[in-house]
1. Report, by residue number, each residue of the stretch 70-88 that is surrounded by 15 or more Cβ atoms within 10 Å (Cβ to Cβ) and either within 9 Å of the chain's Cα centre (by Cα) or among the small types (Gly, Ala, Ser) (or both).
2. List every residue pair whose Cβ atoms lie under 8 Å apart, where the two residues are 6 or more positions apart in sequence or sit on different chains, the first residue falls within the stretch 3-15 and is of a type in the set (A, V, I, L, M, F, W, C), and the second residue, located anywhere, is assigned to a loop (DSSP other than H, G, I, E, B).
3. Quick check on my filter: what residues within the stretch 84-108 are in contact (Cβ under 8 Å) with a residue 24 or more places away in the chain and part of a helix (DSSP H, G or I)?
4. Scan the stretch 41-57 and report the pairs whose first residue is within 21 Å of residue 107 (Cα to Cα) and whose second residue is assigned to a helix (DSSP H, G or I) and among the aromatic types (Phe, Trp, Tyr), with Cβ atoms within less than 9 Å and a gap of 6+ or a chain change.
5. If I filter the stretch 18-69 down to residues being in a helix (DSSP H, G or I) and of a type in the set (Lys, Arg), which single residue comes out as surrounded by the fewest Cβ atoms within 10 Å (Cβ to Cβ)?
6. Out of all the residues in the stretch 74-113, which are over 17 Å from residue 36 (Cβ atoms) and among the polar types (S, T, N, Q)?
Amino acid sequence: MNDDVRTIDREELRRKLERHDDFKLVMSLSDWDFQRKRIPGSIHFETPEAMLGSLGKNDEIVVYCSNPPCRKSIVSYHLLEDHGFTNVRRYAGGVSDWEEAGLPLEGSWVDGK
C-alpha cells in the first residue's frame, strides 16, 4: 500500500476546529478507543461500509488514529480515496500528538468516568 497521503498538521486542524469549519473528523481506531479518548468533534464508524455510506464524496474529511506509526488512518485514507472521495487528508500525529500539545480531548478516560 502506498503511504503517499495528503496531510494536515496539528495547528491547521486546531484552527479548523476553533472556526467550526464544515469538515468531518474521523477517528480510525476501534469503538473502544473512540469512547475512551478522542479529539472533540470526532466521529467514528463501526465498519468501512458505514463510513463509505455516511460520508459525502465531496466532504472535506480528516482521518486520524493514535500516532504517526499507526496505519489505521492510512488504511481509511486509501479506502476513501479508492471509492472516489476527493478531499481527504490524514492527521498523522493523532491522539498522542494532540494530547502532548495540551489540546482538549474528550471521552471516558478524559472526563474521569
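What follows draws every value from the coordinates through simple rules; no lab data is involved. Given the structure is predicted, the values throughout are model-derived calculations rather than measurements. Here the Cβ positions follow ideal geometry from the backbone for every residue, glycine too, while neighbour counts run over all protein chains shown.
1. If the condition is that a residue be surrounded by 15 or more Cβ atoms within 10 Å (Cβ to Cβ) and either within 9 Å of the chain's Cα centre (by Cα) or among the small types (Gly, Ala, Ser) (or both), then 73, 76 are the ones that fit.
2. Note: pairs meeting the criteria are 13/39.
3. First, the residues of the stretch 84-108 that are in contact (Cβ under 8 Å) with a residue 24 or more places away in the chain: 84-99, 101, 103-108.
Correct list: 94, 95, 96, 97, 98, 99, 108.
4. So the pair list comes out as 42/34; 43/34; 44/34.
5. First, pick out the residues of the stretch 18-69 that are in a helix (DSSP H, G or I): 18-19, 31-36, 48-54.
Next, only the ones that are of a type in the set (Lys, Arg) stay: 19, 36.
Details: 19: 8, 36: 18.
Only one residue fits best here, namely 19.
6. Listed by number, the residues that qualify are 76, 86, 87.
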